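Beneath this line is the structure, given in structure tokens, with notes to follow.
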């Protein structure tokens, strides 16, 4: 894992290219960072990016939203450092962060389960597990990461640990389904997946559940909501009725209900916070 960009414009372009496959963001981490949110795109094909921030909870809790990804999150507190593996939530919920604590995180690409974790996909979804309980061989690098004050140094430490470690193998069918769902920004029905893959609904659902720990429908809803969040974060003006239509929601009320469940805010209130906090300016690319 390496820091792959060298200047401001290239950093944004590099991150945008990696996210063209699927947008995976935890916006409340950015919005509730004390100063800035450090981000480094990874050259490792199974890792989306690394990030770091100091939590500022003076405005309330920080939420984790569904993203379909696995994160490893290190709490770099000097007196009681911890690390947890976070599977995708199924709706917005408190991230359990502590005010003033500094965090370092690694976010894997969609569909990637690290091979060094001794748990099943089902055990990860909607769960947080102690990293040292399910990856005991990581103790040495854990100690180094939580005591390293430099973000780039933390990225290098994790990169050396992770180098050569293969992810868990997913079926070709699940990988094809994940790609199709992401290409459609989550607006894909099971009947369409049947046509794309050539497999029956029953086979699709069974294999996808086994590999991902969730159904194709649940995964599609997550990708669709992440697509909506990405549009609001990165566009200066969004017409919500048009966005709901573009993402295949049956109507605007359906979009509003789904967005609030997944993000813990209405689209209007969320957009207001993004603009007031200068969301994109808070992200500092390493």
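Throughout, read-outs are computed from the coordinates displayed, never taken from laboratory work. Keep in mind the model is a prediction, meaning the values are calculated, not measured. Quick reminder, even Gly has a Cβ in these numbers, built from the backbone with ideal geometry, and neighbours come from all protein chains shown.
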Protection-proxy order for peptides 152-165, 248-261, each taking the mean of Cβ atoms within 10 Å per residue, highest first:
152-165, 248-261
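Ordered by packing density, taken as the mean number of other Cβ atoms within 10 Å over each peptide's residues, highest first, how do 198-210, 58-70 rank?
Details: 198-210: 15.7, 58-70: 19.6.
Going by the mean number of other Cβ atoms within 10 Å, highest first, we get 58-70, 198-210.
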For the range 115-182 versus the range 236-286, the gap between their alpha-carbon centres in whole angstrom:
29 Å
On a full-extension model of 0.36 nm per residue, what is the gain between residue 171 and residue 251, subtracting their alpha-carbon distance, rounded to one decimal in nm?
25.3 nm
State, to one decimal in nm, how far the label point of residue 126 lies from the label point of residue 239, with both points 7 Å from Cα in the Cβ direction.
3.7 nm
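Got a sec? How would 51, 270 order by Cβ neighbour count within 10 Å, fewest to most? Provide the component values of the computation, followed by the final result.
On the way: 51 25, 270 21.
The fewest-first ordering by Cβ neighbours comes to 270, 51.
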Between the modelled labels at residue 58 and residue 79 (7 Å from Cα along Cα→Cβ) the distance in nm is 2.2 nm
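Using the 10 angstrom Cβ neighbour count as an exposure proxy, how do 220, 215 rank, fewest first?
Ranking 220, 215 by Cβ neighbours within 10 Å, fewest first, gives 215, 220.
Would you list 218, 266 from fewest to most Cβ contacts within 10 Å? Mind dumping the intermediate values first?
Values: 218 18, 266 14.
So the ranking, lowest neighbour count to highest, is 266, 218.
For residue 194 and residue 210 in one chain, what is 0.36 nm times their gap in residues minus the Cα-Cα distance, to one decimal in nm? Display every interim value, and only then the final one.
On the way: separation 16, 0.36 × 16 = 5.76 nm, distance 1.74 nm.
Gain on extension, residue 194 to residue 210, equals 4.0 nm.
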Which of the following values of mean projected area of the Cα convex hull in nm² was calculated from the structure shown: (1) 19.4; (2) 14.2; (3) 25.7?
(2)
Peptide ranges 131-140, 84-93, 221-230 listed from the most packed, as the mean C-beta count within 10 angstrom indicates
221-230, 84-93, 131-140
